[in-house]
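Before any comments, here is the structure.
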Amino acid sequence: MTELNNNNFENETQSDLPVVVDFWAPWCGPCRSQTPILEQFADKYAGKVKVCKVNTDQNEALAARFGIMSIPTIMVFRGGEVTARAVGVQSADNLAKLAGL
């Protein structure tokens, strides 16, 4: 999974593939529960989707830009545009639906 920050966010989300972005923080229990699900999802759909993470503690400007009020928040980008958003721990099946897979 790619760690996103202010420097690489635009570049990484401008993709032909759907980009699933997990906004999270290390102290967040549900976020820690989401990580292994994201890892399995990334492995299952390798080559069909990009999976990235944004640490909201280290990237407050990105969190503010996208109105992240609760974490984990999962957002899906296509060509740099937000196409889906979900708050809370998401199953791999729901991640696939959000990403249109």
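Tabulated results
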read-out: Nonlocal amide H pairs with THR83, under 5 Å, H built at 1.01 Å; value: VAL76, PHE77, ARG78
read-out: Computed over the chain: relative contact order in percent, which uses C-alpha pairs under 8 Å that are six or more apart; value: 39 percent
read-out: Cysteines in the chain that, by Cβ-Cβ distance, have no pairing candidate under 4.7 Å; value: CYS52
read-out: Whole-Hz couplings from phi, Karplus 6.51/-1.76/1.60, listed for the range 87-101; x for Gly and Pro; value: 10, x, 5, 10, 6, 4, 4, 5, 4, 4, 5, 4, 7, x, 9
read-out: Student exercise, the range 1-66 dipole from Lys, Arg, Asp, Glu Cβ charges, in Debye to nearest 20; value: 180 debye
read-out: Karplus-derived HN-Hα couplings along the range 18-31 (A = 6.51, B = -1.76, C = 1.60, θ = phi - 60°), whole Hz, x at Gly and Pro; value: x, 10, 8, 10, 9, 8, 8, 8, x, 7, 8, x, x, 5
read-out: Linear extension gain, MET1 paired with LYS97, 0.36 nm per residue minus alpha-carbon span; value: 32.6 nm
read-out: Largest-first principal axis extents, alpha carbons of the range 2-86, Å; value: 30, 25, 21
read-out: Distant-in-sequence amide H partners of LEU101 (H built 1.01 Å from N, under 5 Å); value: none
read-out: In order through the range 50-64: 3J(HN,Hα) via Karplus (6.51 cos²θ - 1.76 cosθ + 1.60), integer Hz, x for Gly, Pro; value: 9, 10, 9, 10, 10, 6, 5, 5, 8, 10, 4, 5, 5, 4, 5
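Each value in this text was obtained by applying a stated rule to the coordinates, not by laboratory testing. In this text the structure is predicted, and so the values were computed from the model without any measurement. So basically every Cβ, Gly included, is an ideal-geometry build from the backbone, and we count neighbours across all protein chains shown.
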